[in-house]
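As structure tokens, the structure follows; a few thoughts come after it.
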Amino acid sequence: MSRERPGLYGSDRSPDEQTRALRAGEVPVAVYGLGKMGLPLAAVYARATGNVTGVDISEDVVRGVNDGECHVAKEPGLPELVAEQAERGALRATTDGVAAAEGAAIHVIIVPTPLTDDREPDLAAFEAVLDSISRGLAPGDLVVVECTVPPGTSKDLVVPYLADRSGLSAGEFGVAFCPERTSSGRALRDITESHPKIVGGVDAESTRVAALVYGELTANEVIPVRDATTAEAVKLFEGVYRDVNIALANELARLRDDLGIDVTEAIDAANTQPYCDIHAPGPGVGGHCIPWYPYFITSRVAAETPLLLTAREVNDSMPTFTADKLRDELAAAGRDIEGATVAVLGVTYRPGVAETRATPAAGVIDRLNELGATVLAVDPMLSDEVVASFGAAPVSLADLPTRAIDAAVVVTPHEEFDDIDWTAFDDLVVVDGRGTLGDIGHRVYEIGGGPRDESSADADSETVAEVAVEADSSHGGPGR
Ligand SMILES: NC(=O)C1=CN([C@@H]2O[C@H](COP(=O)(O)OP(=O)(O)OC[C@H]3O[C@@H](n4cnc5c(N)ncnc54)[C@H](O)[C@@H]3O)[C@@H](O)[C@H]2O)C=CC1
Ligand SMILES: CC(=O)N[C@@H]1[C@@H](OP(=O)(O)OP(=O)(O)OC[C@H]2O[C@@H](n3ccc(=O)[nH]c3=O)[C@H](O)[C@@H]2O)O[C@H](C(=O)O)[C@@H](O)[C@@H]1O
């Protein structure tokens, strides 16, 4: 195929020659979406290929990347890598998706695929990128989908969409689903080494090229699966496994008072069995992934999915459960939540990530307002405007001790909260959503753990489970 850009799909050159061309920057790459996931991915592609154009709709993001700046917080190594790759000309950015597509032979899509209000996958951004790609697609190109999509999307949407609009035939270009298996806060490590990379193409040649490309990005194994739909299912199965597992932990945590045990201690002890991996209970499940992925499946299948939907119900009930637990703890202390001033600690969906999509804090704040509390909120990663948008009065961490608060709920334990001087407060009632406080000299109830105040027998003694877990350090298991 004679073209000024050497695409790898359908190439008659040897795999070694294809790899050489990729490494030498002769196979230009476009990465669409330069967010928490897209920017680290684009930087790794730039380091491996030397020729990446990032595309984003945000002028600020584009300007920052071209200036070698990293707009994604708390990603070890990313600021340096972005600066280095921008400096050497291996990474540049533009808002012009069509121009980027015209100049690329590998097109990587990593834009948000959220949920609509009626719980349908929202592929608007995804299709906008497909439109740009279709205007620059050439024979031999490979389109890689990294953002999570409903099963069947690569085969039933991407291929016909691109063929119709580009004038090319299916089989002249490749499409592969190669899911992002990355957690914010460890993105570069996850992209390049933590987990095997799953690749699945709409045809064998797409799978082959995707495996060759990702063999250059990751030091871990590349696992080709039967087809793109299988790869899409792998990503969603990982996510729904997590959601269902967290729902199990949350349902067990709701039994804490009935059983009169520390459920988190029992979970830790149960997890010393290699086949047991119960996750951690908490005030809810947030982010634009785990709480949304079940609907990517349920919206596309005719079969009943009672377990997936019940797990969603359990997890979605936890914010209210958490706020009601504070009401009950205050009542047990002879105090009324109505009129009480309550500080919500942490509004993002998990520590260290400036992301509020589907955050449990929203439900906790809503319920506390319903119960008549005066709600303050503290989050060092968010602006006052964003915090206020959730219906709570923003307070800085520094100012918190100056406020006369009656109670607190820890929803998202940012590391900054470790420095809180709890002695500055009088007679607090606290619900600890994530089991990070221990005994702080106030009345504390931990979701799953139960009472954690000085009167509690297990406030500071090393529990049987902790001993068991220390003894059996071989067992993996989810971070808390
Ligand atoms: N955040 C995570 O932990 C993970 C996310 N994913 C997948 O990656 C997707 C993206 O996630 P994040 O990077 O966290 O989202 P993000 O919200 O941090 O970044 C998305 C970026 O895409 C840009 N964008 C939006 N529409 C665009 C368009 N039409 N063309 C070009 N750029 C556009 C935005 O301006 C933003 O910079 C998620 O929806 C999910 O499917 C996968 C694994 C992990
Ligand atoms: C299967 C899996 O571990 N997926 C990861 C997940 O990352 P994400 O950033 O969504 O965070 P997460 O640790 O799953 O937490 C999601 C939510 O669930 C809560 N959570 C998490 C673990 C747990 O035991 N209990 C719990 O309540 C968290 O507080 C948070 O609110 O989803 C990412 C994604 O697919 O977007 C994925 O790349 C990540 O590897």
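Read the figures in this text as sums done on the coordinates, not as results from a lab. The shown structure was predicted, so the numbers you read here are calculated from the model rather than taken from an experiment. Quick reminder, even Gly has a Cβ in these numbers, built from the backbone with ideal geometry, and neighbours come from all protein chains shown.
Structure notes:
- Extension gain, Glu416 to Arg335: 0.36 nm times the residue separation minus the Cα-Cα distance gives 26.2 nm.
- Angle in degrees between helix 204-214 and the longest Cα principal axis of the chain, rounded to the nearest 10: 60
- Anisotropy class of the stretch 236-313 from Cα gyration tensor, a/c 1.5 cut: prolate
- In order along the stretch 364-375, the Karplus-derived 3J(HN,Hα) couplings, from 6.51 cos²θ - 1.76 cosθ + 1.60 at θ = phi - 60°, round to 5, 5, 4, 5, 5, 5, 4, 7, x, 7, 9, 9 Hz, and Gly and Pro are given as x.
- Highest average first, the peptides 12-18, 440-446 ordered by how many other beta carbon atoms sit within 10 Å of their residues are 440-446, 12-18.
- Cα gyration tensor category, rounded, prolate or oblate, for the stretch 253-374 with a/c compared to 1.5: oblate
- Per-residue Karplus couplings for the stretch 388-397, computed as 6.51 cos²θ - 1.76 cosθ + 1.60 with θ equal to phi - 60°, are listed in order as 4, 5, 8, x, 10, 7, x, 9, 6, 4 Hz, Gly and Pro entered as x.
- Taking only alpha carbon atoms, the chain gives an Rg to Rh ratio of 1.02, where Rh is the Kirkwood radius.
- The modelled label-to-label distance for the pair Ala128/Glu193, using points 7 Å beyond Cα in the direction of Cβ, is 3.7 nm.
- Charge tally in the Cβ shell below 12 Å around Ala373, where Lys, Arg are +1 and Asp, Glu are -1, Ala373 excluded: -3
- Estimated FRET transfer efficiency when R0 is 60 angstrom, pair Ala24-Asp439 (beta carbons, to 0.05): 0.50
- 5 Å-binned pair-distance histogram of the stretch 15-226 (Cα, whole percent): 1, 8, 16, 21, 22, 17, 10, 3, 0, 0
- Eligible lysines near Lys235 by straight Cα distance, threshold 22 Å, same-chain separation 8 or greater: Lys36, Lys155, Lys197
- Crossing angle, helix 38-49 versus the chain [Cα axis fit, 0-90 degrees, rounded to tens]: 40
- Structural descriptor for the stretch 15-226: relative contact order 19 percent, calculated from alpha carbon pairs under 8 angstrom and at least 6 residues apart.
- Positive dipole terminus of the stretch 15-226, leading residue within Gln85, Val145, Gly64 (C-beta point charges): Gln85
- Sequence-distant residues sharing a close amide H with Val143 (under 5 Å, placed H): His107, Gly174, Val175, Ala176
- Fraction of antiparallel bridges per DSSP, the chain only, in percent to nearest 5: 10
- The phi-based Karplus calculation (6.51 cos²θ - 1.76 cosθ + 1.60; θ = phi - 60°) puts the 3J(HN,Hα) values of the stretch 276-281 at 10, 9, 5, 7, 9, x Hz, whole numbers, x for Gly and Pro.
- The length gained by stretching the chain between Asp60 and Ala99 to full extension, at 0.36 nm per residue less their Cα-Cα distance, is 12.2 nm.
- Other-chain or far-sequence residues with amide H under 5 Å of Ala93's (modelled H): Gly54, Asn66
- Sequence ranges 258-268, 130-140, ranked by mean other-Cβ count within 10 angstrom, highest first: 130-140, 258-268
- For the stretch 316-452, the square roots a ≥ b ≥ c of the C-alpha gyration tensor eigenvalues yield an a/c under 1.5, which makes the shape rounded.
- Potential extension, Asp257-Ala170 segment - 0.36 nm per residue separation minus Cα distance: 25.4 nm
- Relative packing of peptides 106-118, 75-87 - highest average C-beta neighbours within 10 Å first: 106-118, 75-87
- Here's how it looks for Leu376: its modeled amide H is under 5 Å from those of Val342, Ala343, Val344, Ala393, which are all 5 or more places away or on a different chain.
- Relative contact order (%) - the chain, alpha-carbon pairs under 8 angstrom, separation at least six: 11
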